Amino acid sequence: MTSKPSICDLTATTLARAIAKGELSSRDAVEAHLARIAEQDPQLAAFVTVDTEGAHRAAEICDAALAPIGPLHGVPVAIKDLTDTARLRTTYGSVLFGDQVPVEDDLVVARLRRAGAIILGKTNTPEFGFGAVCTNKLRGPTRNPFDSGLTSGGSSGGSAVAVAAGMVPLAHGTDLGGSVRTPASFCDVASIRPTPGRIPSPRRPLGWDMLATHGFLARGVDDLELALSVCAGSDANDPLSLGSISDDRPIAGRPRIAVTPDFGVAPVAREVRARFATACELLARVADVAPSSPDCGGAIEAFRTLRAAHIASSYGELLRTRRAELTPTVVWNIEAGANLSAEDYLNAERRRTAIYRSFRALFGRAEFLIAPAASVFPWPNEINDVTAIDGTALETPIDYLAVTFIVSLVGCPVLTLPVPRGESELPFGIQIIAPPGCESRLFAFGRILENELGFSHRWPPL
């Protein structure tokens, strides 16, 4: 443990409150978490870059302020290394950008800084976020803190491990097909993938692309809600942020929830199904639970097509000019979209629309839809891809993510929480899915599960 373990045990919300009251200084918080990183990161490899000097400077500014700068005043945070940070190396997990130092923050980073957060460093990710194991030619593998031989998950594995081990109380992530949700499930932490556009991405080349979003990982619901509150809000250069739908309302009485282990189409391991069934039995103590799923026929094929087309468009030039320097996983991801036609793309969008409307119909019968947050448990770091589940081969290396990427397809917000488990059991989480714009309702229900059922983080045996 570090010299000040009690500080590293605090949530971001509690830490911000203590600093605002003068019970702790920002420097206290920064020093404690930097010490935890120095102790644990050589083994876990959660960080690509640690900004000790920058963190100290930011702490001095916070401590000299006459009043709190914002809701995260003095709170250490980490940023996934896919997201630009001004004057702080940002590699995208690739040797091609190993020395890149952006001149400007991404908007989500700027909003965190404006809220008083102190960035300790950049967390590890597979190259360009493509990979089931959180490793690249610069750093990794990022090891699961509950068993260092196992993966932390991709692609926000560095952020998940940093939070799980107390290196930071709050970390940023991104999520296209499950990249905050899978690592959260593997590392026993909570995560939020908000409604697309809730956190703007004004520099995104495809302004109406809603497959990928920013998100957060933390050890509790309050911290996720706090982080989202300071980063949400429209931006004129992000069209998705301007017309964000919201039919949010308080939970009245005992909520109705639909549960599905697989959406009817996703490959999910037998052991995961068993753990999910146990979690559903617990949920029945606080909600009316009924098995139900939207019609997700064709969802896997639609997501594969849309994702492949976007990746080929974004990274095709790199494949043509720098192929030898890319990892095989990145090469496969780019090539998957090379021969798609406009008809392929539009047919996928038609299927996506039908699936979205099926989700909306289900939310007329239930307030939440709950599913596993991962289709498998963590596997050894030496195995790069999930190629089969329960002995049945998967068609592509991304199909093990179907239980999460189906939700990405339709743009619903998702809260992931760890479920209670035995001492010998690996971490496992559930997705709590709500209609677009209903993050407040998600957080309210999440607090019920934390407080009444124990769906909450447990410290790894480090």
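The values are calculated or read from the model by the stated rules, or taken from the named source; none is laboratory data. For clarity, every value in this text was computed on a predicted model and none was experimentally measured. All Cβ positions, glycine included, derive from the backbone under ideal geometry; neighbour counts span all protein chains shown. Side chains included, ligands, DNA and RNA excluded: accessible areas come from the protein's heavy atoms. Shrake-Rupley method; radii C 1.70, N 1.55, O 1.52, S 1.80 Å.
Values as computed for the structure displayed
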quantity	calculated
Single condition Phe405 does not satisfy, out of (1) touching a strand residue (DSSP E or B) at 6+ places or on another chain (Cβ under 6 Å); (2) within 27 Å of Thr329 (Cβ to Cβ); (3) part of a helix (DSSP H, G or I)	(1)
Within segment 390-401, tally of residues that are out of contact with any strand residue (DSSP E or B) (no Cβ under 7 Å at 6 or more places or on another chain) and either closer than 22 Å to Ile432 by Cβ or in a helix (DSSP H, G or I) (or both)	2
Given (1) open to solvent by 30 Å² or more (accessible area, probe 1.4 Å); (2) touching a Gly at 6+ places or on another chain (Cβ under 8 Å), number of the condition Gly74 does not satisfy	(1)
Pairs where the first residue, in segment 42-63, is farther than 16 Å from Gly116 by Cβ and the second is among the hydrophobic types (A, V, I, L, M, F, W, C) and at pLDDT below 95, C-beta under 9 Å, 6+ apart	Gln43/Leu462; Leu44/Leu462
In segment 39-62, the residues that are open to solvent by 70 Å² or more (accessible area, probe 1.4 Å) and of a type outside the set (Lys, Arg)	Glu39, Pro42, Gln43, Glu53, Glu60, Ile61
Filtered residue count, segment 142-164, keeping only those that are crowded, with 24+ Cβ neighbours inside 10 Å and assigned to a loop (DSSP other than H, G, I, E, B)	7
Identity of the residue in segment 427-453, out of contact with any Asp or Glu (no Cβ under 7 Å at 6 or more places or on another chain) and open to solvent by 30 Å² or more (accessible area, probe 1.4 Å), that ends up nearest to Phe146 (Cα to Cα)	Glu450
Residues of segment 252-289 satisfying the condition of being assigned to a strand (DSSP E or B) and in contact with a Ser or Thr (Cβ under 8 Å, 6 or more places away or on another chain)	Ala258, Val259
Single residue of Thr416, Thr387 found to be touching a strand residue (DSSP E or B) at 6+ places or on another chain (Cβ under 8 Å) and surrounded by fewer than 16 Cβ atoms within 10 Å (Cβ to Cβ)	Thr387
Count of residues meeting criterion [assigned to a helix (DSSP H, G or I) and among the polar types (S, T, N, Q)] in segment 212-243	2
Segment 324-373, subset among the acidic types (Asp, Glu) and out of contact with any Phe, Trp or Tyr (no Cβ under 9 Å at 6 or more places or on another chain), residue nearest to Ala302 (Cα to Cα)	Glu349
Candidates Arg87, Arg113, Arg27, filtered to the one that is open to solvent by 30 Å² or more (accessible area, probe 1.4 Å) and under 29 Å from Thr327 (Cβ atoms)	Arg87
Set Pro194, Pro169: member being more than 16 Å from Thr416 (Cα to Cα), open to solvent by less than 10 Å² (accessible area, probe 1.4 Å) and in contact (Cβ under 8 Å) with a residue 40 or more places away in the chain	Pro169
Test: Asp105 is out of contact with any Ser or Thr (no Cβ under 9 Å at 6 or more places or on another chain), open to solvent by 20 Å² or more (accessible area, probe 1.4 Å) and of a type in the set (D, E, K, R)	no
Condition check for Lys122: under 17 Å from the mean Cα position of the chain (by Cα), under 24 Å from Ile334 (Cα atoms) and of a type in the set (Lys, Arg)	no
Tally, over segment 200-210, of residues that are out of contact with any Gly (no Cβ under 8 Å at 6 or more places or on another chain) and either surrounded by 24 or more Cβ atoms within 10 Å (Cβ to Cβ) or among the hydrophobic types (A, V, I, L, M, F, W, C) (or both)	3
